[in-house]
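Q: Before anything else, here's the structure in question.
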Amino acid sequence: MFCNILPVLFMSKEKRIAKHLIRNALKLSTAESCTGGLISSRLTDMSGSSVYIFQNFVTYANKAKVDLLGVNENTINKYGVVSKEVAAEMAQGLLKRYDCTLALATTGIAGPLGATEDKPVGLICIAIADRNITKTYSYKANPLLFRRIMKYAFSNKVFDYLIDFLQENY
């Protein structure tokens, strides 16, 4: 039995995601803010990723979130741009505006600037959605991480949530 799970234990997160997406004929689109395209980059490091990666955006500015993804300005004003609510609208906007079957969105504070009293450096809000369900998550990484390492930590956590979402729903 251990021999059967051994390959999965040593398979990269990117490869595990690719296998799920291909097996289920899913087309993933991403809208990244705090991760600045790192998630897209890591997913497209896999040869043949054009089979399952549809269209990805880096929507750093609030205006980009509104114009490209249809995020409601009132949601940003009420909850702040770093919130589960905005992440959910980003993911849902991908599904509504573009021809993807699965959407992933991130917004957060990679630091060292940008923190507020209730939203510290290291906070990321994530949404993963398909036509039936939208799940949101928040995660707090170590606020002392250097920005580049923070973004990598964020992307790793996003991949964990995406793998869980795929295993639960497909």
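Q: Going by Cα centres, the range 8-42 and the range 51-66 are how many Å apart?
A: About 15 Å separates the Cα centre of the range 8-42 from the one of the range 51-66.
Q: Follow-up. Compare ALA129, ALA91, ALA115 in a GNM of the chain, Cα atoms joined below 10 Å, and give the one with the largest fluctuation.
A: Of ALA129, ALA91, ALA115, the most mobile in the Gaussian network model is ALA115.
Q: Does anyone have the angle between helix 147-169 and the longest principal axis of the chain? Alpha-carbon axes, 0 to 90°, nearest 10?
A: Tilt of helix 147-169: around 60 degrees.
Q: Calculated from the structure, percent of Cα pairs over 18 Å apart equals which of (i) 71; (ii) 62; (iii) 58?
A: Comparing each candidate, only (iii) matches the computed number.
Q: Find how much the distance from LYS78 to PHE146 grows on full extension, using 0.36 nm per residue of separation minus their present alpha carbon separation; answer in nm with one decimal. Could you put the intermediate results ahead of the total?
A: Details: separation 68, 0.36 × 68 = 24.48 nm, distance 2.96 nm.
This chain segment gains 21.5 nm when fully extended.
Q: If we sort 56-67, 33-44 on the protection proxy, mean other Cβ atoms within 10 Å, highest first, what's the order?
A: Numbers: 56-67: 17.0, 33-44: 21.0.
Going by the mean number of other Cβ atoms within 10 Å, highest first, we get 33-44, 56-67.
Q: How much mean residue ellipticity at 222 nm does the chain get from its helices, if each DSSP H run of length 4 or more adds -39500 (n - 2.57) and you divide by all residues, to the nearest 500 deg cm²/dmol? Walk me through the intermediate numbers first.
A: Values: 7 runs with 77 residues, N = 170.
Rounded to the nearest 500, it is -13500 deg cm²/dmol.
Q: Applying 1/(1 + (r/R0)^6) with R0 = 30 Å to the Cβ-Cβ distance of ALA61 and ASP118, what FRET efficiency is obtained, to the nearest 0.05? Walk me through the intermediate numbers first.
A: Details: r = 22 Å, r/R0 = 0.73.
E between ALA61 and ASP118, to the nearest 0.05, is 0.85.
Q: Between 0 and 90 degrees, rounded to the nearest ten: what's the tilt of helix 84-97 against the longest Cα principal axis of the chain?
A: Taking Cα atoms only, the helix is inclined about 60 degrees.
No value in this document is a laboratory result; all are computed from the given coordinates. Note that the coordinates shown come from a computational prediction; the quantities given were computed from them, not determined experimentally. So basically every Cβ, Gly included, is an ideal-geometry build from the backbone, and we count neighbours across all protein chains shown.
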